[in-house]
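Undergrad: Here it is: the structure, laid out below.
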Amino acid sequence: MTGGITSPGAGWRQADRGPAVQRSGKQRRRGGGGRGEVAMVDDVEFTSYYGRPIIKPPVWKTPDVPLYLFLGGAAGSSSILAALADVTGRPTLTRVARTTAGAGSLASVVFLIHDLGRPERFLHMLRVLKPTSPLSVGSYILAPFSAAASATAAVELLGWFPRLKRFGGAVAALFGGPLATYTGVLLANTAVPSWHHFHKQLPFVFAGSAMAAGGGLCMVFTPVDEAGPARKMAVTGAAIELAVVHQVEGDESVVSEPYHEGRAGKLMRAARTCTAAGASLTVLAGRTRLGAIASGTLLAAGSLLTRFGVFDAGMASARDPKYTVVPQRQRMAARKNEHSSTISR
């Protein structure tokens, strides 16, 4: 049989070599006239042995993890915005941003614990600090941030201990930046091809997305005369997100395909549309109440869709052996060419 395995020994040899190649068309014979060989096969489809994925896809749940990513990013950027508003004398924006940071931090922890299955698993993550593990470091970022942000929001709403409010807000702002970006590092540190390949870009995507979400949400609930810092943060974050996502989607590597195809592609296109429209509307009509509500809602929706799109693209690349095999072969060929050129010198 053409392209098949003809003996048990051949089957084990095929397994040792890695993923099998399943032929999707019939093999063509030599052409007449002594002109040599014609193309051997049509397109091929990469499959792993027994049709199983080469790498084990993450067991993270949807929508728990994407919502955790979104809420944590929005809370982190809102805590920074709250500290800036407090220093510059904007009490309403300070109150809104602190409340957004506290509510977002608590909700993100709820979704994280739901994904873990049992609350004590989150506590077990705090038993050991491993500086080389983004997950371990992230746990020690999330825990103090959530405590500081939620306590500050509670004190803000109750009107107690104004000095404690400022101290808690400063602590939350200190951890807010790392919280907004560490999840990008966490995804890129896995073996998932469409996350790992973009390890330099994902933290910037998540940072820009967090700024757009935090600024947008605070614009919705803050009077326009105090929402200047929120508008600036939202537009800056949207610009960063759009620019870096464009780099990811325009990359020539095969692992950028999941960001264009299937459900992830639809989510990324919708995210890009919402973010661009929200940023444009912020610039044009962000100083009107209706314009601020509409643009802030679009920016928050764009940030949420980006998190779902990035998550789905990574999961799709983990399930398809092609996104593991092709980059490996390209790296092997590049090393071989480099070695050959070194010897020739």
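Undergrad: Return the carbon/sulfur percentage of the accessible area of region 111-264, one whole number, probe 1.4 Å, all protein chains in place.
TA: Whole-percent figure for carbon plus sulfur exposure: 67.
Undergrad: Could you tell me the calculated FRET efficiency between residue 336 and residue 55, based on Cβ-Cβ distance and R0 = 30 angstrom, to the nearest 0.05?
TA: Given R0 = 30 Å and the Cβ-Cβ separation, E is 0.80.
Undergrad: Filter the cross-link list 130/266; 200/266; 56/130; 61/232; 130/336; 56/200 down to pairs whose alpha-carbon distance in this structure exceeds 32 Å.
TA: From the list (130/266; 200/266; 56/130; 61/232; 130/336; 56/200), the Cα-Cα distance tops 32 Å for 130/266; 61/232; 130/336.
Undergrad: When averaged across all projection directions, what area in nm² does the alpha-carbon convex hull of region 179-247 cover?
TA: Averaging across all directions leaves 4.7 nm² for the Cα convex hull.
Undergrad: Probe of 1.4 angstrom, ligands and nucleic acids ignored: what's the accessible area per residue over region 92-223, in square angstrom?
TA: 46
Undergrad: Here is a follow-up. Kindly provide the Kirkwood hydrodynamic radius of region 249-345 in Å, to one decimal, from all pairs of distinct alpha carbon atoms.
TA: About 15.9 Å, per the Kirkwood formula over Cα pairs.
Undergrad: Give me the 1.4 Å probe accessible area per residue for region 237-345, excluding ligands and nucleic acids, in Å².
TA: 51
Undergrad: Can you list which of the chymotrypsin sites (Phe, Trp or Tyr not before Pro) found in region 140-217 are DSSP loop residues with at most 13 other C-beta atoms within 10 Å?
TA: For chymotrypsin sites (Phe, Trp or Tyr not before Pro) across region 140-217 that sit outside H, G, I, E and B with at most 13 neighbouring Cβ atoms in 10 Å, the list reads 160.
Undergrad: Residue 261's amide H: which non-local residues (gap 5+, or another chain) put their own amide H closer than 5 Å, with H modeled 1.01 Å from N in plane and none for Pro or chain starts?
TA: Counting only residues 5 or more places away or on other chains, the set is empty.
Undergrad: If you don't mind, there's one more thing I want to ask. Which residue, 284, 245, 262, has the largest displacement toward the positive end of the dipole of region 245-296 when charges sit on each Cβ (Lys, Arg +1; Asp, Glu -1)?
TA: Toward the positive end, the furthest listed residue is 284.
Undergrad: Just reorder 90, 263, 231 by solvent-accessible area, largest first, 1.4 Å probe, all chains present.
TA: 263, 90, 231
Undergrad: Would you mind giving the average projected area, over all directions, of the Cα convex hull of region 73-152 in nm² with one decimal?
TA: Result: 5.5 nm².
Undergrad: Over the alpha-carbon set of region 103-246, work out the extent along each principal axis and list the three values in angstrom, largest first.
TA: Principal-axis extents of region 103-246 (Cα, largest first): 46, 39, 24 Å.
Undergrad: Taking the Cα centroid of region 142-170 and of region 313-345, what is the distance between the two, rounded to the nearest whole Å?
TA: Comparing the Cα centres of region 142-170 and region 313-345, I get a distance of 49 Å.
The values are calculated or read from the model by the stated rules, or taken from the named source; none is laboratory data. Since we're looking at a predicted model, the values are computed, not measured. When we count neighbours, we look across all protein chains shown, and the Cβ atoms used for this are built from the backbone with ideal geometry, even at glycine. These area figures cover heavy atoms from the full protein model, side chains too; ligands, DNA and RNA do not enter into them. Shrake-Rupley method; radii C 1.70, N 1.55, O 1.52, S 1.80 Å.
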